[in-house]
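Okay, structure first, notes after.
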Amino acid sequence: MNSIIDYRSDAVTLATFEMRQAMANAEVGDDFAGEDPTVNRLEKMSASLFNKEAAMFVISGTMANQIAIMATVHLGDEVLVGEESHIYNLENGGLAALSGVQARPLKSYDGMFDLNDIKRAVEFRGIESSSVKVLCLENTYDLNRGIPLTETYISSVSDTAHKYDMMVYLDGARIFNAAAALNEKPSVLCKGVDVMQFSLCKGLSAPVGCMLLGSKKFIERAKVIRHRIGGAMAQAGHMAAAGIVALETMVDRIQDDHLNAKRLAVELTKFNEGLVDVEKTLTNIVQINPNCVGKDAFYLDNALQEYGVKVKVVDSTTCRLVTHYGINVNDIDHTIYAIKSILS
Ligand SMILES: *Cc1c(COP(=O)(O)O)cnc(C)c1O
């Protein structure tokens, strides 16, 4: 095996040949004025795929998450977030820095919040309490585990949040993984949420980009905020063109990433039962715990590099491997061979 097999993230995926061609040939205009036909087409496609009124193209998932909150809150409001969520852990304190809000982390149980915890978090505590404006969901949940959350669960937490006048925001960076794992239509899966985003550049392999979706009124407001923070782009159609190809050609193949992850998990379990939890390997993320053979994750990470395999160390017990378009079945088999050799 000559080339590196990179499992560190599905963000490492490269644009396909068809995407590069579409980017070169894109019909473009001034997106500041809403006159880029390719951006407009991508926004329309995205909104309709999720059955939301409107969509906005942004450069990254982080920007989409932050704009969604900035467009909704006032200083000192509170937002409920998952303890393991991206918006809470991996956006450089953006909620505090950009929106001046207080994030209240909720525990999750297999990725799900307890409805009573939500109710407790919004209970009126007297004149000192802050006003809780947003419930933030993420699907798949927890980028170290990739747990797919069902429509039933999302609808039930959304109903609860709506009772307390909260907006329900979904970070759906990997929503197509959730939809594939649950064999559910994306629009059905997300019908309970008010505002959401999905990534074009993770499992779908576009070079950059993310779509923020919501009501027409919300997206109008989001466009003002995007402009304020310098996220408006002139001929963004060159990038949107890759996003269109991503939606047209990359959604159905996500199943392959899940099969590859499962293959890796199953084979490693045959080698040693303690290495992987197969039952919980439901999307494109595999967690390996080498402690069961007396090794730690740093050791496994280092040793794998000799075999041309890159992984992410979550902590001393866990390596995370994310499967994606850049990884095929031969890569999986090489990785199984490498791990068995290292841990034998
Ligand atoms: C990657 C990711 C983001 C951020 O997306 P960027 O495009 O890297 O800014 C947000 N949420 C989740 C769940 C992610 O996996």
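Our summary gives the chain a relative contact order of 25 percent, counting only alpha carbon pairs under 8 angstrom and 6 or more residues apart. Taking 16 Å as the straight-line reach from the Cα of LYS119, the lysines in range (excluding those fewer than 8 positions away in the same chain) are LYS107, LYS133, LYS163. Taking 30 Å as the limit for the C-alpha separation, the pairs LYS223/LYS262; LYS52/LYS312; LYS270/LYS310 exceed it in the case of LYS223/LYS262; LYS52/LYS312. Extension gain for SER344-THR269 works out to 25.7 nm (0.36 nm per residue, less the C-alpha to C-alpha distance).
Charging the Cβ of each Asp and Glu at -1 and of each Lys and Arg at +1, and nothing else, the dipole of segment 17-249 about its Cα centre rounds to 160 debye.
Going by Cα centres, segment 251-279 and segment 188-205 are how many Å apart? Comparing the Cα centres of segment 251-279 and segment 188-205, I get a distance of 24 Å. The residues neighbouring THR152, those whose beta-carbon lies less than 13 Å from its own, together hold a net charge of -2 under the Lys/Arg +1, Asp/Glu -1 convention.
Taken one residue at a time, the phi angles of segment 204-210 give Karplus couplings (6.51, -1.76, 1.60, θ = phi - 60°) of 8, 6, 5, x, 8, x, 7 Hz. Gly and Pro are set to x. The calculated FRET efficiency for LYS119 paired with GLN21, based on their beta-carbon distance and R0 = 51 Å, is about 0.45.
Taking only the Cα atoms of segment 135-183, the ratio Rg/Rh comes out at 1.00, with Rh defined as the Kirkwood radius. Between amide H atoms placed 1.01 Å from N, distances below 5 Å from VAL309 occur with ILE5, all of them 5 or more places distant or on a separate chain.
Show me, bin by bin at 10 Å from 0, the whole-percent P(r) of segment 239-329 based on Cα pairs. Values per bin, smallest distances first: 16, 42, 27, 12, 2. Just so you know, the Rg over Rh for the chain is 0.99, from Cα atoms, with Rh as the Kirkwood radius.
Shown for the chain: the carbon plus sulfur share of the solvent-accessible area, taken with all protein chains present and a 1.4 angstrom probe, equals 50%.
Measuring between their Cα centroids, segment 126-152 and segment 30-65 lie 24 Å from each other. Less than 5 angstrom separates the built amide H of VAL101 from those of GLY76, ALA96, all sequence-distant by 5 or more or on a different chain. Rolling a 1.4 Å probe over the protein heavy atoms gives the chain an accessible area of 44 Å² per residue.
The values are calculated or read from the model by the stated rules, or taken from the named source; none is laboratory data. All values derive from a computational prediction rather than experimental measurement. Glycine gets a Cβ as well: all are built from the backbone with ideal geometry, and neighbour counts include every protein chain shown. Ligands, DNA and RNA are stripped out before the accessible areas are found, and what is left, the full protein with its side chains, is counted by its heavy atoms. Shrake-Rupley method; radii C 1.70, N 1.55, O 1.52, S 1.80 Å.
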